[in-house]
Amino acid sequence: MALSSAPGKVYLFGEHAVVYGEPAVPCAIERRARVDVERRTDGKLRVHAEDLTLDGFTVEYGTATERPDVDVSQSLIRAAMGYVDGAIEQVRDVTGEADVGFDVTIESDIPLGAGLGSSAAVVVAAIDAATRELGYELEPDELAERAFRTEYEVQEGQASRADTFCSATGGAVRVEGENCRAIEAPDLPIVIGFDGGAGDTGKLVAGVRALREEYEFAADTVETIGNVVRNGEDALAAGDLEEVGRLMNFNHGLLSALGVSSRSLDAMVWAARDADAYGAKLTGAGGGGCIVALDPTEATETALKFTPGCEETFRAELAEEGVKRLE
Ligand code: MEV
């Protein structure tokens, strides 16, 4: 048996634009997916998944194409099947054990599809645990690359390296195309607001792509996000949280213009701004899910608790460590 965990993340800057080669700065947070893996002798894959918001379920199948008949959220099924299947394919590839099967148990305190990198955390932890179960240890860079390939395939070519790299290595990172590296970040007073919902990453990314193709100013908006990110990096390096916050507000406005915000995300962003947070923006693909705000006081959490549409609010510590090998 092998057990690994990997953290979720928030985007301080740059989601969506990163898909088109602009830089982005995600930051790992101490909310984790834990994946426990045990080798099976019959070559089958059995997945048991649980998260905070949904009852657990179990799926057992011999090939990747069987679709189980279970009555739970499609997104959870997809997470369990598509992402775990893809992760196990990577494990079979890297170890050369083409017919190996596993019992996989997933437990996550990262809400699915909510912009906190749940699928990347599951994939990173699954690849790490399953390779170790077979006696291999991947370096974080290779782990990140294998996890990226999994997301890329499941998301039909519409994925950047940001989520998977951040989840594998931890800390604050800078991603631009294939170049990913850790960056220095000051102590960040991160507050999350969650509307209880989830966006469809594939559809949201496709929506931005269509806008970019239709309007030159939408393509310019994507480029402008890249410029905001570059300024954001300087502000982070200088430890200037007020400037980081102003730039997060700007970044949210541009994402909103690209059609990926929602009424509840906007309401939470405005609640944080009215509470004098340094800044606030949606995180991840958008459409629903989470916002990230920076506020060292309790004002934003209090304001979010009274914001219609906000289901949950919590502080998040930066996760210095990426994947953790627990057993
Ligand atoms: C989704 O978490 C972030 C996007 O930028 C897509 C990606 O980078 O893979 C929207």
Among the residues of segment 189-197, are any within 16 Å of the ligand (Cβ to nearest atom) and either more than 29 Å from Val323 (Cβ to Cβ) or open to solvent by less than 20 Å² (accessible area, probe 1.4 Å) (or both)?
yes
Considering only segment 118-135, I want to know if a residue exists there that is outside the structural domain of Ala299 (by TED's automatic domain parsing), at pLDDT below 95 and assigned to a strand (DSSP E or B).
no
What are the pairs with Cβ atoms under 9 angstrom where one residue, in segment 214-225, is free of Cβ contacts under 8 Å to residues at least 12 places away in the same chain and the other, located anywhere, is open to solvent by 30 Å² or more (accessible area, probe 1.4 Å) and among the hydroxyl-bearing types (Ser, Thr, Tyr)? Sequence gap at least six, or different chains.
Ala219/Tyr20
Exactly one of Glu178, Glu213 is more than 16 Å from the ligand (Cβ to nearest atom) and among the charged types (D, E, K, R), and that residue is Glu213
Boolean, Val205 is at pLDDT below 95 and either touching an Asp or Glu at 6+ places or on another chain (Cβ under 6 Å) or not assigned by TED's automatic domain parsing to the domain that holds Thr95 (or both)
yes
Residues of segment 272-314 being part of a helix (DSSP H, G or I) and either touching a residue at least 60 places away in the same chain (Cβ under 8 Å) or not assigned by TED's automatic domain parsing to the domain that holds Ala198 (or both), in sequence order, are Ala272, Thr300, Glu301, Leu304
Note on segment 229-255: residues touching a residue at least 60 places away in the same chain (Cβ under 8 Å), crowded, with 21+ Cβ neighbours inside 10 Å and not polar (S, T, N, Q) are Val229, Gly232, Glu233, Leu236, Val244, Leu247, Met248, Leu255
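The values are calculated or read from the model by the stated rules, or taken from the named source; none is laboratory data. It should be emphasised that the depicted structure is a prediction, and the values quoted were computed from it without experimental measurement. A quick note on method: Cβ atoms are made from the backbone with ideal geometry, for glycine too, and the neighbour counts reach across all protein chains shown. These area figures cover heavy atoms from the full protein model, side chains too; ligands, DNA and RNA do not enter into them. Shrake-Rupley method; radii C 1.70, N 1.55, O 1.52, S 1.80 Å.
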